[in-house]
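Single-structure report; data block below.
The values are calculated or read from the model by the stated rules, or taken from the named source; none is laboratory data. Bear in mind that the values here come from a model prediction, so they are computed numbers and not experimental data. We place every Cβ from the backbone using ideal geometry, glycine too, and count neighbours over all the protein chains shown.
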């Protein structure tokens with residue numbers, strides 16, 4: 001999303017790489033994510049929250065998260081469902097790598113589902 005000068009006026013994203021302990025932990029982590037998504041779907045500033053499994057890395061999950069702005073991300077972090085996931089996830093993981101990003105350009109969700 002850009003203003004008339006071409007500069008991005010919002011957009012705050014994360015790429016998070018989770019490595020799970022084993023296949024059982026991966027399944028339990030996925031179930032935790034599914035439960036957490038029930039609350040995330042109602043967060044107005046969370047535009048995209050998607051979990052991926054890289055090809056040939058069955059124990060790894062890569063999340064892409066896009067928020068309307070940094071304040072929306074902070075609001076997401078304070079939600080009870082997010083706080084519960086952050087607390088519970090550690091038992092399933094061997095590592096977490098987070099990259100925080102500011103949006104420069106691109107195609108964003110549009111329409112009512114993007115708000």
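Scan the range 53-112 for residues that are part of a helix (DSSP H, G or I), in contact with a strand residue (DSSP E or B) (Cβ under 6 Å, 6 or more places away or on another chain) and either closer than 18 Å to residue 28 by Cβ or modelled with pLDDT of 95 or more (or both) and jot them down. Steps first, answer last, please.
Within the range 53-112, the subset part of a helix (DSSP H, G or I) is 70-78, 80-92, 112.
Now narrow it down to the ones that are in contact with a strand residue (DSSP E or B) (Cβ under 6 Å, 6 or more places away or on another chain): 70, 73, 76, 92.
Passing the criteria: 73, 76, 92.
Output the number of residues of the range 37-51 satisfying the condition of being in contact with a strand residue (DSSP E or B) (Cβ under 9 Å, 6 or more places away or on another chain), surrounded by 13 or more Cβ atoms within 10 Å (Cβ to Cβ) and either free of Cβ contacts under 8 Å to residues at least 60 places away in the same chain or farther than 22 Å from residue 68 by Cβ (or both). Counting residues in the range 37-51 that are in contact with a strand residue (DSSP E or B) (Cβ under 9 Å, 6 or more places away or on another chain), surrounded by 13 or more Cβ atoms within 10 Å (Cβ to Cβ) and either free of Cβ contacts under 8 Å to residues at least 60 places away in the same chain or farther than 22 Å from residue 68 by Cβ (or both) gives 7.
Taking the criterion of being modelled with pLDDT of 95 or more, in contact with a helix residue (DSSP H, G or I) (Cβ under 8 Å, 6 or more places away or on another chain) and more than 14 Å from residue 59 (Cβ to Cβ), the residues of the range 1-33 that qualify are 14, 32, 33.
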